[in-house]
Amino acid sequence: MRVLGPRRGRTPALLAAAALGLSVLVGSGAAVAGHHHGPQAVQPPPAAPSSASQIQNIDQVKTAIKGYYGDEIDPTRVNPIDGTPLHTFNPDGNYAHEVGGIVRSAKKTLAFAKQQHPNATHRAVLFDVDDTLLNTYPYEIYSNFVYNPTSNAAFVNGDVFRAVPHMVSLEKKAEKLGYTVFFLTGRPETQRSGTIANLTGEGYDVTSSHLFLKDYGVDTWLGSCASACTTTQYKSLTRKHIEKDLGYRIVGNFGDQYSDLLGGYANRTFKLPNPMYYLP
Ligand SMILES: [Mg+2]
């Protein structure tokens, strides 16, 4: 949810996929629908720990996040708020490599699904935006991992996010295989033009009518949760709209949050890594 108020709790995004019983792919394992492949997500700390020994040290977690992404200064982009240099990920770092493994297996999965139904029309692939197609690491470093809608909007509209490594290639591959590509984000409708500018600037092919942003006035198919949909409700009801009202079959659903993937209306779900925040 990107619209109002504090979006994130302070709990690190260390969620056990197994505990949720998800059919997701994490890491570089083979792409098999309905099974969890690759590294397991880390067990989160209890909500009410009885001892500090049950909680990871937050400074050490931040250091680990920077090590995972391969923190470096972006030589070409500056902070849209204060003009200072932005941090970015190392394109040859562990984050980039881990996404690369997921993308390789996803390409095989999409190609195989196409082979199985060569004449099927209205086959679709759906991508979340933040940390699925556009990497927000520079914002997380700037904000010290504390989301603020005003400063976040400056980054979104400042067109500064780099593509998540390998994802432009995956989006192009999906198109080449004949899939219709949809985009589904919790960003508000007011950020449509900024979102399209950043996505297209990074090389994605975006059809505006296939980009869904959150707007309770527009998204009439959200009726059942009215103006207070959870992320899982917002996203799954929009996928239901794409499948039931628009007549597409969503073959692959890609997201960095489990709330992007829960709730059905996709044949296969792909989990991108994001240890920076957790959206329930
Ligand atoms: Mg996301």
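The values are calculated or read from the model by the stated rules, or taken from the named source; none is laboratory data. Small disclaimer: the values here were computed from a predicted structure and weren't measured. Here Cβ is always computed from backbone atoms with ideal geometry, including for glycine, and neighbour counts include all displayed protein chains.
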Residues in region 94-105: is at least one surrounded by fewer than 18 Cβ atoms within 10 Å (Cβ to Cβ) and touching a helix residue (DSSP H, G or I) at 6+ places or on another chain (Cβ under 6 Å)?
yes
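How many residues, within region 118-133, are closer than 17 Å to Thr207 by Cβ and either over 9 Å from the mean Cα position of the chain (by Cα) or not in a loop (DSSP other than H, G, I, E, B) (or both)? Can you show your working first?
Let us first name the residues in region 118-133 that are closer than 17 Å to Thr207 by Cβ, namely 121-129, 133.
Retained after the next criterion (residues that are either over 9 Å from the mean Cα position of the chain (by Cα) or not in a loop (DSSP other than H, G, I, E, B) (or both)): 121-127.
So the answer is 7.
So is Phe270 within 12 Å of the ligand (Cβ to nearest atom) and either buried (at least 23 other Cβ atoms within 10 Å of the Cβ) or under 21 Å from Val156 (Cα atoms) (or both) or not? Quick ask: steps written out before the conclusion?
Working: within 12 Å of the ligand (Cβ to nearest atom): no; either buried (at least 23 other Cβ atoms within 10 Å of the Cβ) or under 21 Å from Val156 (Cα atoms) (or both): yes.
Criteria not met by Phe270.
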I'm trying to understand the selection: among the residues of region 244-262, which are crowded, with 17+ Cβ neighbours inside 10 Å and either β-branched (Val, Ile, Thr) or within 20 Å of His210 (Cβ to Cβ) (or both)?
Tyr248, Arg249, Ile250, Val251, Gly252, Asn253, Phe254, Gly255, Asp256, Asp260, Leu261
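Being modelled with pLDDT under 95 and among the β-branched types (Val, Ile, Thr) is the requirement here; does Val32 meet it? Give the steps one after another, and end with the answer.
Values: modelled with pLDDT under 95: yes; among the β-branched types (Val, Ile, Thr): yes.
So Val32 passes the test.
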Kindly provide the set of residues from region 180-235 that are among the hydroxyl-bearing types (Ser, Thr, Tyr), free of Cβ contacts under 8 Å to residues at least 24 places away in the same chain and in a loop (DSSP other than H, G, I, E, B), ordered by number.
Tyr216, Ser227
For region 247-266, state whether one or more residues are farther than 30 Å from Gly70 by Cβ, away from the ligand (no atom under 15 Å from the Cβ) and out of contact with any Lys or Arg (no Cβ under 8 Å at 6 or more places or on another chain).
yes
